[in-house]
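Chemist: Before we start, here is the structure in question, set down as structure tokens.
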Amino acid sequence: MRLGLSEVKRMCPFFNKAASSIDEKVAKDLAPYCPVLSHVERPTMIYNDTKVPAPFKGRESILVNPRTTEDFYESKFAKKIDELHSDGRYRYFANLQRVCGEFPNAWYRPEGSTNPRRVRIFCSNDYLGMGQHPDILKACHDAIETSGAGAGGTRNISGTTKYHVDLETELAELHQKEGSLVFSSCFVANDATLTVMGKLLPGLVMISDQMNHASMIDGIRHSGCEKIIYRHNDLEHLESILKSLPLDQPKLVIFESVYSMSGTISDIRATCELAKRYNALTFIDEVHAVGMYGKSGAGVAERDGVLDMVDIISGTLGKAFGVGGGYIAGSKNFIDCIRSYASGFIFTTAIPPVVAAGALAAVRHLRTSQTERSLQQQRVQQLKTLMTERGLPLMDNPSHIVPILVGDPVKCRELTDALLKNHGIYLQPINYPTVSRGTERVRITPGPLHSESDLRALVDALEFEWKRLGLGFVGRARAVRDVDPVLSRENLREVRVEA
């Protein structure tokens, strides 16, 4: 509530008799002790309206004390943060410094402490440890020596180097497409590409899998296109939607290959066949699959032999490739359109040459090496076997993601805090809005640089803390299915998944 100083003096018998020297700060400080003002709606903003300049006569309410204004807004910000704390959804950032050459070991620096602790990371998206690979480190060092640190501008101004050109050529070849385009991240790649497609294809309808990533949800929303959501991996539902639309209406089916929080994998062949039958384009996010699947590491589409069936592919250079940045791959004309029309590409500084060089080295290495992928898949199977033997509620899936269902946001945080404090194991709690309420989980990503003894130590620690927290077990050698609720067509809603 806003009150002028003159109104305060009129309302309060004590202020009314006080000296005229009382200012708004004094009035505000004493208001809680006044029998009248103490019952006024809080917060109360008091401003001096006794000396209002002529231009503000009749508009005194805008002359709020700056400090009071700051408190007014800060209280609202604080309330929103308090809500996150009370829901158990407040996000803490762990200060982790990976030990080069010894990953997944890292130094953890607790807030307020000057003594780092040695911990072991089990939830990194650097799935294959390529961020530590000697070939990638050498390529980065060479690029720094030849080109310095930054790109120096957008791709149009001065940010295109040989590293960028070679990387885009390599990515196009990897996915067997005519061209590719590199972005600062795959979030930007998805958002910028989908946003501009609404302008490129008037009347476009975007048909999106229920569990699609937040970057695609944002891109669809920003495009202004009509949006229809189909149930996760439900091809019958998808076909019913495609059938209901005119054959000559532009349509885009948007889905992922590997869904990062549940580990489910889509049927790319069947999805693309449906899309072609009903004259729709396909956009697939292979972020959690590139580098991981297929003979050349091109993703699930390559593994399943359907690279030629997918129209547009998006991927990342920051997960299995171990560096940073994102990209799309597609036809020459499509890539040229995105390059020419997408604001998220045009007005963003190019990724630094050192990043492009490291990513190029990683892509080239994983196109020929099977060592990292094979050992990673072996570790995944070993961990899943250990989990089910102990009765831990593993969420069953065919991918490299190992999620364990907790089902409570506060317990999820308590579990990961205890693992870090008592066992030197770093896992991140996955809570709403990344996953649906009631399906909170920890998400484990074993890699080729974890040893068998690392996996056993992890399972031992999980079992101990699971019992201590009173969390439920399942029958021996069983797994739970993905428990994200299957929603009716009328009640479909978006779940914002993060990378």
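Chemist: Here are some conditions: (1) within 15 Å of Phe345 (Cβ to Cβ); (2) of a type in the set (Ser, Thr, Tyr); (3) surrounded by fewer than 21 Cβ atoms within 10 Å (Cβ to Cβ). Ser215 meets all but one. Which one does it not meet?
Modeler: For Ser215, the exception is condition (3).
Chemist: Is there a residue in the stretch 75-83 that is on the phi > 0 side of the Ramachandran plot and modelled with pLDDT of 85 or more?
Modeler: No, there is no match, as no residue in the stretch 75-83 is on the phi > 0 side of the Ramachandran plot and modelled with pLDDT of 85 or more.
Chemist: Which residues, counting only those in the stretch 55-74, are touching a Lys or Arg at 6+ places or on another chain (Cβ under 7 Å) and either at pLDDT 90 or above or among the aliphatic types (A, V, I, L, M) (or both)?
Modeler: Val64 - this is the single residue of the stretch 55-74 that is touching a Lys or Arg at 6+ places or on another chain (Cβ under 7 Å) and either at pLDDT 90 or above or among the aliphatic types (A, V, I, L, M) (or both).
Each row is one residue, and each column tells you yes or no for (1) at pLDDT below 95; (2) of a type outside the set (Val, Ile, Thr); (3) assigned to a helix (DSSP H, G or I).
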residue	(1), (2), (3)
Gly358	no, yes, yes
Gln376	no, yes, yes
Lys384	no, yes, yes
Pro403	no, yes, no
Val410	yes, no, yes
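Chemist: Whether any residue in the stretch 206-219 is under 22 Å from Asp304 (Cβ atoms), at pLDDT below 95 and among the hydroxyl-bearing types (Ser, Thr, Tyr) is what I want to check.
Modeler: So far as the stretch 206-219 goes, no, none of its residues is under 22 Å from Asp304 (Cβ atoms), at pLDDT below 95 and among the hydroxyl-bearing types (Ser, Thr, Tyr).
Chemist: Is at least one residue of the stretch 413-423 at pLDDT below 95 and touching a strand residue (DSSP E or B) at 6+ places or on another chain (Cβ under 7 Å)?
Modeler: yes
Chemist: Continuing with this model, one more query. Restricting the search to the stretch 310-348, which residues are in a loop (DSSP other than H, G, I, E, B) and crowded, with 24+ Cβ neighbours inside 10 Å?
Modeler: Val310, Leu317, Lys319, Ala320, Phe321, Gly322, Val323, Gly325, Ala342
Chemist: Let me ask you something else. Go through (1) exposed (fewer than 15 other Cβ atoms within 10 Å of the Cβ); (2) out of contact with any Phe, Trp or Tyr (no Cβ under 6 Å at 6 or more places or on another chain) one by one and return the number of the condition Arg117 breaks.
Modeler: The number of the failed condition is (2).
Chemist: In the stretch 266-277, what residues are part of a helix (DSSP H, G or I) and of a type in the set (D, E, K, R)?
Modeler: Restricting attention to the stretch 266-277, the residues satisfying the condition of being part of a helix (DSSP H, G or I) are 268-277.
Arg269, Glu273, Lys276, Arg277, listed by residue number.
Chemist: Hey, another quick one. Run Trp107 past the list (1) surrounded by fewer than 21 Cβ atoms within 10 Å (Cβ to Cβ); (2) under 28 Å from Glu256 (Cβ atoms); (3) within 27 Å of the chain's Cα centre (by Cα) and report the number of the one that doesn't hold.
Modeler: Condition not satisfied by Trp107: (2).
Chemist: Against the definition (surrounded by fewer than 22 Cβ atoms within 10 Å (Cβ to Cβ) and touching a His at 6+ places or on another chain (Cβ under 8 Å)), how does Gln381 come out, yes or no?
Modeler: Considered against the rule, which asks whether it is surrounded by fewer than 22 Cβ atoms within 10 Å (Cβ to Cβ) and touching a His at 6+ places or on another chain (Cβ under 8 Å), Gln381 comes out as no.
Chemist: From Pro433, Pro446, which residue is touching a residue at least 60 places away in the same chain (Cβ under 8 Å) and farther than 22 Å from Ile265 by Cβ?
Modeler: So the residue among Pro433, Pro446 that is touching a residue at least 60 places away in the same chain (Cβ under 8 Å) and farther than 22 Å from Ile265 by Cβ is Pro433.
One line per residue, one yes/no per condition, for (1) without any contact (Cβ under 8 Å) to a residue 40 or more places away in the chain; (2) basic (Lys, Arg); (3) surrounded by fewer than 24 Cβ atoms within 10 Å (Cβ to Cβ):
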{"site": "Pro250", "(1), (2), (3)": "no, no, yes"}
{"site": "Phe255", "(1), (2), (3)": "no, no, no"}
{"site": "Ile284", "(1), (2), (3)": "yes, no, no"}
{"site": "Gly291", "(1), (2), (3)": "no, no, no"}
{"site": "Gly294", "(1), (2), (3)": "yes, no, yes"}
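Chemist: Next question. Within the stretch 246-265, track down each residue that is at negative phi, touching a His at 6+ places or on another chain (Cβ under 9 Å) and part of a loop (DSSP other than H, G, I, E, B).
Modeler: Those that are at negative phi, touching a His at 6+ places or on another chain (Cβ under 9 Å) and part of a loop (DSSP other than H, G, I, E, B): Ser257, Tyr259, Ser260, Ser262, Thr264.
Chemist: Residues Asp166, Asp209, Asp135: which one is of a type in the set (Asp, Glu) and touching a Leu at 6+ places or on another chain (Cβ under 7 Å)?
Modeler: It is Asp166.
The values are calculated or read from the model by the stated rules, or taken from the named source; none is laboratory data. Here the structure is a predicted model, which means the values were calculated and not measured. All Cβ positions, glycine included, derive from the backbone under ideal geometry; neighbour counts span all protein chains shown.
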